[in-house]
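Worksheet for the structure shown next.
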Amino acid sequence: VLATPIGNLADISLRGLHLLQLADTLACEDTRHSQSLLRQYGIDKPAGSWLAVHQHNEASAAEQVIVRLQQGQRVVYLSDAGTPGISDPGARLVALVQQAGFRVMPLPGASSITTLMSASGCTGDDGFVFIGFLPSKATERQRHLQLMGLEPRAQVFLEAPHRIEAVARDLEILGPRTLTVGRELTKQFEEIASLPAHALSA
């Protein structure tokens, strides 16, 4: 399970590059995206070494991964960006591969979650809670945010750009609680800002 850069291509590990060269099969969220990524590193793999494993086919694709492992192949799973199985597909694949009796090896690297938390200054002694993506429906999201307001520890959640304005309005219920917002992390136009929840809409 290989973490890939979340933006800056230099954030891949030397071990990750070595493993990508050794891999017999590259299981990935989007084969076109991953092929483009590998080309940036000068790595070219034949057509038969690519296998799509995404949220819509994760269970059935896991069977193909297991067959390839049974054949003695080295299989590397990578999501489009960051660490697979956290907010991207991969958790079900990992569980099924383990159930089949194979070892799953993590290759650590980029993660938007830890990247932002390291620059937030808000983890303190209590650590933080990872929420994932908030519900897309407004009523469910507002109920979720009310529960989040009761949690004293720092919390991390992800949001799609097209919903950020609605979420900012919903977050006003948290009043003066400090929010750290990050976008375009590790990229040229990276922004990280800390401000009170009630000020985020503006």
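Brief remarks follow.
- Gain upon complete extension [Ala59, Ala10; 0.36 nm per residue less C-alpha separation]: 14.4 nm
- For semi-axes √(5λ) of the Cα gyration tensor in Å, the value calculated from this model appears in [x] 35, 19, 15; [y] 26, 20, 15; [z] 40, 23, 12 under label [x].
- Check: the chain dipole with +1 on Lys, Arg Cβ and -1 on Asp, Glu Cβ, in debye: 320 debye
- Computed [θ] at 222 nm, deg cm²/dmol, the chain (DSSP H ≥ 4; -39,500 (n - 2.57); rounded to nearest 500): -10000 deg cm²/dmol
- Considered as an equivalent ellipsoid built on the Cα gyration tensor, segment 76-169 has semi-axes of 28, 17, 14 Å, the largest given first.
- Stretchable slack from Cys122 to Phe189, in nm (0.36 nm times residue separation minus alpha-carbon distance): 21.8 nm
- Segment 12-164, accessible surface, carbon-and-sulfur percent (1.4 angstrom probe): 51 percent
- Distance between modelled label sites at Ile164 and Val129, nm, 7 Å Cα→Cβ extension: 2.5 nm
- Ranking Ala110, Ala168, Gly90 by Cα position along the charge dipole of the chain, where only Lys, Arg, Asp and Glu carry charges on their C-beta atoms, puts Gly90 farthest toward the positive end.
- Environment charge at Ala95 (Cβ cut-off 14 Å; Lys +1, Arg +1, Asp -1, Glu -1): 0
- When both segment 13-49 and segment 144-202 are represented by their alpha-carbon centers, they are found 34 Å apart.
- For the pair Lys137 and Ala91 in one chain, pulling the backbone fully straight at 0.36 nm per residue adds 14.1 nm over the alpha carbon distance.
- Distance distribution note for segment 150-189: the fraction of Cα pairs above 14 angstrom is 57%.
- The chain, accessible area per residue, ligands and nucleic acids excluded (1.4 Å, Å²): 57 Å²
The values are calculated or read from the model by the stated rules, or taken from the named source; none is laboratory data. What you see is a predicted model, and the numbers here were worked out from it, not measured in a lab. All Cβ positions, glycine included, derive from the backbone under ideal geometry; neighbour counts span all protein chains shown. When the accessible area is computed, the model is the full protein with side chains, heavy atoms only, and any ligands, DNA or RNA have been set aside. Shrake-Rupley method; radii C 1.70, N 1.55, O 1.52, S 1.80 Å.
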